[in-house]
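A short worksheet on the structure shown next.
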Amino acid sequence: MWPLLQLFIDIAFHRRGPEHVPAAPVLLALVLASAVVVQLGSLLALDFTLVRAVFETGLHLLLTLGAYALVLVLQGHVARLLQTAIALLGTATLLGLCMLPVATWMYAGLQAEAVAPLATLAFFALLIWSVDISGWILSRALSAHYSIGVLLAVGVMILDITVRRAVLPAT
C-alpha cells in the first residue's frame with residue numbers, strides 16, 4: 001500500500017508521471033472507489049444530503065474522466081487512458097483528503113458568517129494545486145507542454161462546475 005501512496009505523492013510533486021502507474025483494471029477500481037468515498041464523505045461533512053452527494057460525485061467523475069478520456073482519444077493516446085485515469089483518481093483522492101479539513105473549516109465560517117481568511121487562502125491553494133497536478137498528468141499523458149495540460153485542466157474544471165451548477169440546482 002505504501003508504494004502506491006508514495007507513487008501518487010510523487011506524481012503530485014511532479015517527480016513521476018502517469019506512465020509510472022501500473023496499468024491494472026483492479027487498481028482503477030480501487031482508486032475509483034477511494035475517490036468516491038472521499039468525495040461523498042466530503043460532501044456529507046458539508047451537510048449535503050446523501051442523494052445530492054451521490055449525484056454531485058457521479059456527475060463530477062463522469063464529466064472530468066469523460067473529458068480527459070475524450071482529449072486522450074482525440075489525440076491518439078488511447079493506450080494511456082487507464083494509467084492516466086488511475087493517476088488522476090489517485091491524486092484526487094489524496095487532495096480530497098487534504099481538502100476535507102479546509103472545506104470543513106470554511107463551511108463552519110460560512111455558517112457563522114465569518115470565514116477565516118487563512119481558510120480561504122488554504123482552499124484556493126489546494127484548488128490551484130489540483131489544477132497543477134491534473135495539468136502535469138495530462139501533459140505527460142499527451143506528451144505535450146505542461147502549459148497545455150494546465151489549460152486543459154482549467155477548461156475541464158470550468159466545464160465540470162458549469163454543468164453541475166446547471167444540472168443540479170443550488171441547495
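Observations, loosely collected:
- Any chance residue 51 is under 22 Å from residue 100 (Cα atoms) and aliphatic (A, V, I, L, M): yes
- Yes/no for residue 79 being without any contact (Cβ under 8 Å) to a residue 24 or more places away in the chain and over 16 Å from the mean Cα position of the chain (by Cα): yes
- Qualifying residue in segment 8-22 (condition: within 16 Å of residue 65 (Cβ to Cβ), out of contact with any Ser or Thr (no Cβ under 6 Å at 6 or more places or on another chain) and either surrounded by 15 or more Cβ atoms within 10 Å (Cβ to Cβ) or of a type in the set (Ser, Thr, Tyr) (or both)): yes
- Residue 45 vs. criteria over 16 Å from the mean Cα position of the chain (by Cα) and either under 16 Å from residue 157 (Cα atoms) or touching a residue at least 24 places away in the same chain (Cβ under 8 Å) (or both): yes
- Hits in segment 122-134 (condition: surrounded by fewer than 22 Cβ atoms within 10 Å (Cβ to Cβ) and either touching a residue at least 12 places away in the same chain (Cβ under 8 Å) or not in a helix (DSSP H, G or I) (or both)): 122, 123, 126, 129, 130, 131, 132
The rows are residues; the columns are (1) surrounded by 13 or more Cβ atoms within 10 Å (Cβ to Cβ); (2) touching a residue at least 24 places away in the same chain (Cβ under 8 Å); (3) touching a strand residue (DSSP E or B) at 6+ places or on another chain (Cβ under 8 Å); (4) farther than 19 Å from residue 42 by Cα.
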{"site": "73", "(1), (2), (3), (4)": "no, no, no, yes"}
{"site": "98", "(1), (2), (3), (4)": "yes, yes, no, no"}
{"site": "106", "(1), (2), (3), (4)": "yes, no, no, no"}
{"site": "120", "(1), (2), (3), (4)": "yes, no, no, no"}
{"site": "148", "(1), (2), (3), (4)": "yes, no, no, yes"}
{"site": "167", "(1), (2), (3), (4)": "no, yes, no, yes"}
{"site": "170", "(1), (2), (3), (4)": "no, no, no, no"}
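- Taking the criterion of being out of contact with any helix residue (DSSP H, G or I) (no Cβ under 7 Å at 6 or more places or on another chain) and assigned to a helix (DSSP H, G or I), the residues of segment 143-158 that qualify are 147, 151, 155, 158.
No value in this document is a laboratory result; all are computed from the given coordinates. Remember, predicted model here, so these are calculated numbers, not experimental data. Counting neighbours? That spans all protein chains shown, and the Cβs are built from the backbone with ideal geometry, glycine included.
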